[in-house]
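Student: The structure follows.
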């Protein structure tokens, strides 16, 4: 009897431990998030800082309306709406937007939305003896709450420039609550909430290494990575670096550039089509359009890329010094890269709201990271431009999906198959560079179709391996 009594309380303690400990924490330690290093992060609202910003905006708005026009510094050389953006940001439309920024935009309210729609966390990741503070939006689906982390369906989604995590606010809730995925959306170092790099060499490969470590830190097993713009190249490198865990790569801007042989290929194919009626490649017309659009992008719209790849700090200082300058610079990219019939803010804001656009601007402005964000161009182009963009780009064996919107790079199936293990390829008639904001439903459906297939395939392979043992 005494022996039984002596075992009573230890048994009670054990039962209480098993009952009260969440299911996730009973998974193997290597699949648990590092609770001591993963901390909630509340995006702050600094009222004093915002008052200073409004003072700056008022001063600049006065100058734009008076002195700038008085001295002819911005005398319009183009009078028609179709041509008023030919030389860059249109002053009259910029004035209207600055006025809205002052009178109607509510930054405090947007910060509250940021914290509610995209709850953030932070962790310090050490890579090559360098510590980086990575902040990330993290939503876990209630549909997977009974599963340990290493068995969940997970999406790592990565933004680009001049966007940031706010780009994803229209798609995250549907991916999490309706489609049943956990979603991790980190800020690239130097973009908004993650700390800016303190040393050189932060190219897309190094950022990818940080995000791979982040996924390990969170305790996840298999995952699919998704991205556009820089998120496309970072995601591609995540897939290369972590092929054991990253089971799929989805991009709404698959980067495939033409080789010199492609120009000859189009010429030969055109002749063959005339003679035999059968093209050598799948679609000569779309391939020719791909080549011509690529040339147009680099000649007419690619100047920013050359500046940011060679002298980022010269531009960065100018932008840091001027909130209106920062907004004007980002606005021109949104005007040029959004799928709108005419370059005009009235058209832009039918696709992307003024508040969404200004929230993206304010994330850069409130964190003072516009200068650090453009350094990614310098480090990537200096270190591995050919491997990221050119003919030295290695083939990606990870199963890949390309969702082609009206974007800067418009891959064809032919060029995508040359660079990727392509298992899904779709074109969309609506939506441009900022697909998550412009056509969120189409993007979500494309991502879900691909990711579901990848996780189903992974589970089938796992069951097959288990049965063979």
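The values are calculated or read from the model by the stated rules, or taken from the named source; none is laboratory data. Since we're looking at a predicted model, the values are computed, not measured. Counting neighbours? That spans all protein chains shown, and the Cβs are built from the backbone with ideal geometry, glycine included.
Student: Which of the numbered conditions does residue 418 fail, given that it passes all the others? Conditions: (1) surrounded by 15 or more Cβ atoms within 10 Å (Cβ to Cβ); (2) closer than 26 Å to residue 174 by Cβ.
Tutor: Answer for residue 418: the failing condition is (2).
Student: When the stretch 131-187 is examined, which residues are found to be closer than 28 Å to residue 201 by Cβ and free of Cβ contacts under 8 Å to residues at least 40 places away in the same chain?
Tutor: Listed by number, the list holds a single entry, 131.
Student: Here's a follow-up. Looking at the stretch 247-262 only, could you name the residues that are assigned to a helix (DSSP H, G or I) and either closer than 15 Å to residue 221 by Cα or in contact with a helix residue (DSSP H, G or I) (Cβ under 7 Å, 6 or more places away or on another chain) (or both)? Talk me through it step by step, then tell me what you get.
Tutor: We begin by selecting, within the stretch 247-262, every residue assigned to a helix (DSSP H, G or I); these are 260-262.
Residue satisfying the conditions is 262 alone.
Student: Output the number of residues of the stretch 406-426 satisfying the condition of being in contact with a strand residue (DSSP E or B) (Cβ under 7 Å, 6 or more places away or on another chain) and farther than 20 Å from residue 295 by Cα.
Tutor: 7
Student: Right, next: Quickly run through the stretch 421-442 and pick out the residues that are more than 21 Å from residue 393 (Cβ to Cβ) and surrounded by fewer than 18 Cβ atoms within 10 Å (Cβ to Cβ).
Tutor: The answer is 426, 427, 429, 430, 441.
Yes/no per residue for (1) part of a helix (DSSP H, G or I); (2) at pLDDT 95 or above:
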| residue | (1), (2) |
| --- | --- |
| 62 | yes, no |
| 72 | no, no |
| 88 | no, no |
| 96 | yes, yes |
| 100 | yes, yes |
| 108 | yes, yes |
| 111 | yes, yes |
| 114 | yes, yes |
| 131 | no, no |
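Student: Consider residue 388 carefully, then state whether it is under 19 Å from the mean Cα position of the chain (by Cα), modelled with pLDDT under 95 and either over 30 Å from residue 242 (Cβ atoms) or surrounded by fewer than 16 Cβ atoms within 10 Å (Cβ to Cβ) (or both).
Tutor: On the way: under 19 Å from the mean Cα position of the chain (by Cα): yes; modelled with pLDDT under 95: yes; either over 30 Å from residue 242 (Cβ atoms) or surrounded by fewer than 16 Cβ atoms within 10 Å (Cβ to Cβ) (or both): no.
In short, no.
Student: Would you confirm whether or not the stretch 238-246 contains a residue that is under 30 Å from residue 292 (Cβ atoms), assigned to a helix (DSSP H, G or I), within 14 Å of the chain's Cα centre (by Cα) and at pLDDT 95 or above?
Tutor: No, the stretch 238-246 contains no residue that is under 30 Å from residue 292 (Cβ atoms), assigned to a helix (DSSP H, G or I), within 14 Å of the chain's Cα centre (by Cα) and at pLDDT 95 or above.
Student: Contact list please: Cβ distance under 7 Å, first residue in the stretch 331-360 and free of Cβ contacts under 8 Å to residues at least 12 places away in the same chain, second residue part of a loop (DSSP other than H, G, I, E, B), pairs at least six apart or on different chains.
Tutor: 347/340; 347/341
Student: Another one. I'm trying to understand the selection: among the residues of the stretch 156-198, which are in a strand (DSSP E or B) and within 24 Å of residue 352 (Cα to Cα)?
Tutor: 156, 157, 158, 183, 184, 185, 186, listed by residue number.
Student: Looking at residue 451, is it at pLDDT 95 or above, buried (at least 19 other Cβ atoms within 10 Å of the Cβ) and either in contact with a helix residue (DSSP H, G or I) (Cβ under 8 Å, 6 or more places away or on another chain) or farther than 21 Å from residue 167 by Cα (or both)? Steps first, please.
Tutor: Working: at pLDDT 95 or above: yes; buried (at least 19 other Cβ atoms within 10 Å of the Cβ): yes; either in contact with a helix residue (DSSP H, G or I) (Cβ under 8 Å, 6 or more places away or on another chain) or farther than 21 Å from residue 167 by Cα (or both): no.
Considered against the rule, which asks whether it is at pLDDT 95 or above, buried (at least 19 other Cβ atoms within 10 Å of the Cβ) and either in contact with a helix residue (DSSP H, G or I) (Cβ under 8 Å, 6 or more places away or on another chain) or farther than 21 Å from residue 167 by Cα (or both), residue 451 comes out as no.
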